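Everything on this sheet refers to the single structure shown next.
What follows is calculated from the coordinates using simple rules that are stated; it is not laboratory data. Computed from a predicted model, the values in this text were never measured in an experiment. Neighbour counts run over all protein chains shown; Cβ positions are idealised from the backbone, glycine included.
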Amino acid sequence: METMRRSLPRLTLLMLLPLGVAATGCWKQPGTAGLPCNSASECDDGQQCVAGLCEANTDGHASTETSASGDASTSDPSMSATAASMTDVATTTAGETNTDATTSATTGNESECPSDPSCLPSPDWVVSLGDEDSQVTIQDIAIDGTGAAIVAGHFTGSIDIGDTKLQAASYRRIFLIKFTPDGAVAWALDAGDSEDDELRAVAIDPDNDTILATGAFLANISFGEEMIMRQPQEADLFLARFKPDGTAEELFGWGAPKGQYGNDIMVLDNGDVVVVGMYQDAPDFGGGPLALEPGLGSSYNVLIARFNSSFGHVWSQGLGAANGHDRAMFAQPGPDNTIYVGGLVASQLDFPGGPKIVNMGTDDGFVARVGPGGMADWAVPIAAGGGGSILMSGLASDDDRVYVIGATNGTIQPSADVMLESAGLYDVFALALNSDGTVSWGDTYGGDTDELAGAITIDATRGHVLLSTMCRVGANFGDVDDTLSIVGNSDFCWARLRADSGAHVASARYGGKDPEPPAEFEFGGPLVTRDDALYMAGYFFGEMTIGADELSHPGMMYARPWVGRFGL
C-alpha cells in the first residue's frame, strides 16, 4: 500500500529564499576536509581538527587535537555524528560552484536495516526538473504496482527531461510525469488554459494501477479527449482518472462562484475515492450544496468528500465558521475503511458525531478520524501555546497509528506526558497518535533558527517513520551527539525514527560543503515508500551531487526541484 503524505509549506518556504542565492547539495562522502572546525566532532569520519581545519587523521585512532580557539579536545574518528558551528548568513553571489558532502548520525543495526546496516537510503537515480527560468513545484508522488512513480505538480516556463519537453507557458500549467523504476520517462503530460491552474495531489488505485489526480483550474482544462469548459470567477476543483499509460479516462469539475481546491486524494481498500480540500460559497458534489458560511474573501471551509469507484457521490461535508481560513490538507487511510484527515483550523470545526475543535489563537492544526458514513470517531487539536502557530506538512498512517509532521514556533502539549517545544523560531515536530486518537509519542527537531517540515512516510518493512525537512545549524533528530553539521543557510535533512516510540535510528544532511559564502539552500519535499523503494524530492540552488548524479541549476529566481529513487 502507498503510505505517504506530504507536503512542504512551499509558499512559506519560498518566501524565505532571497533572489540570487546559490546553493549546493550533497551525498558524497567524505567531504569536510579543509572546512573550519572547533573539534573533530565537526569533521568527517577518519579526520581530525588541526589549527581550525578538518584534515585526514593519519593513524585512524582517537586523538587529542587543537581547535581554532586553541583548546584541546578529544574525539573518536569512528563516530559519524557531527556538530554544527557554521554562522547563519543570508548573502551570497549566484553561480558559484562548490564541492558536496554528506554527514550522518546513525544507531542502526543489521536487524533493523538488513539491506543497508547504516539505515541510510542509497540513490538509484536522480533528475532535476525545469530550465533556468522555470518555476516548478512538485506537489505529490505516488508509486504503482510496478515500482514506477507518478510525479505531479505545476510549473511556469518549461520542463526538459532528456528527450521529453513539456510546453512552455507564461502562466501556470499542471504536469504529470511517469518515471520507470530505472529512471526513464515513460510518459509526460501537461494541461491548463489559464493562469493559476494547480495539480495538488495524486494517488494510485491498487486494483488496476490507474492514477487519480485532483487540484484546481480557472477556465478550461483538458486531458486528451476529456475536457471541462467553464468560466468560473475563481478556481474550481477537478478530479481526474488516468490509465497507467497516461490516457485520460474521466474528468470531473465542481464549483461555485468563488474558489474550491482539492488538496489531497486517496483510494480506500473498498475502492472508494476520498478528496479533501477547501471551498467558498456552497458547491454541490452530488449530495446537495455544502454549508455556506459568509465571510471575507480569503475565508474557506474544510471539504471532505467520498465517492465510489465510479466517482458517484457517497457523502460530502463542509466544516468551518464565518471568516475562518479553515482547510483540510491531507488524507490517509484508517482501519476498516475509515479516513484520517489533517489540516488547519482558524475558526472552529463541528464534526458530525460530536467532536468540536475550536481555534485557540493563530492557525491551529487538527487530525480527525472519520468513519465510512461520514461521522467522526474522534478529532484532536494541535495547538501552539504562547501565541505560536502551526504549519502542517503531512500525514502518514499504518495499522497502529497516524503520524503528523509540521513546524511550530510555540509549545504544543497534546497530552500530559508529551510536550513539543520550539527551541528557537520554527522547529519541526513529529507527533504519533494511536488509532483511537490518544497520543503515542512526539518530539521536536531544530536549533535556534527556522526549520521547516517537508514530508513524512512509513517504512513498513522495518517499522520506521521517515522524515524530510529543511534544517539549519543545530538540527538533530536524536541526542546532542547526533547533531548534524549544517553548511550554508539550510540543508535537506532526512531522518529515520522508530514508529512505535519515535526513537532516532539514523539521520543525514544533504547540502553544500563550502562555507564561503554560506547562504546555500537545500530543502525537503514529498517522499513516499512502497516495498523497498523510496522516492523523494527536494529543492536546490546552484550545483548538487547525489550519488553519481550531478545536478545543476544556473537560475537565480527560483529553486529547482529534484526527484529520485532510493533503495531502503
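Numerical summary
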quantity: Mean projected area (nm²) of the alpha-carbon convex hull when segment 397-460 is viewed from all directions; calculated: 4.3
quantity: Label-to-label distance, nm, for residues given as THR461 and ASN323 (7 Å Cα→Cβ offset); calculated: 5.4
quantity: Extension gain (nm, one decimal) between MET360 and ALA186, 0.36 nm per residue minus Cα-Cα; calculated: 57.8 nm
quantity: Ordering of 343-349, 155-161 by packing [mean C-beta count within 10 Å, highest first]; calculated: 343-349, 155-161
quantity: Residues of segment 264-288 with amide N under 17 Å of the 7 Å Cα→Cβ point at HIS313; calculated: 273-288
quantity: Residues ARG496, ARG172 arranged by fewest to most Cβ contacts within 10 Å; calculated: ARG172, ARG496
quantity: Sorted by Cβ neighbour density within 10 Å, fewest at the top, the residues TRP441, TRP562; calculated: TRP441, TRP562
quantity: Virtual spin-label span in nm between SER415 and PHE252, 7 Å along Cα→Cβ; calculated: 3.8
quantity: By average C-beta atoms within 10 angstrom, highest first, the peptides 130-139, 239-248; calculated: 130-139, 239-248
quantity: In Hz, Karplus ³J(HN,Hα) per residue of segment 236-247 (6.51, -1.76, 1.60; θ = phi - 60°; x = Gly, Pro); calculated: 10, 7, 10, 9, 10, 10, 10, 5, x, 8, x, 6
quantity: Inter-probe distance in nm under a simple model that places probes 7 Å from Cα toward Cβ, at ASP284 and ASP448; calculated: 6.0
quantity: Residues LEU452, LEU395 arranged by fewest to most Cβ contacts within 10 Å; calculated: LEU452, LEU395
quantity: TYR300 long-range amide H proximity, modeled H, under 5 Å; calculated: GLY324, HIS325, ASP326
quantity: Cβ-derived FRET efficiency at R0 35 Å, ASN337 paired with SER501, nearest 0.05; calculated: 0.80
quantity: Rounded, prolate or oblate (a/c below 1.5 giving rounded, otherwise prolate when a/b exceeds b/c) for segment 259-336 by Cα gyration tensor; calculated: prolate
quantity: Phi-based couplings in Hz for segment 464-475 (Karplus 6.51, -1.76, 1.60; Gly and Pro marked x); calculated: 10, 9, 10, 10, 10, 8, 9, 10, 9, 3, x, 6
quantity: Burial ranking of peptide ranges 278-288, 399-409, 206-216 (average Cβ count within 10 Å, highest at the top); calculated: 399-409, 206-216, 278-288
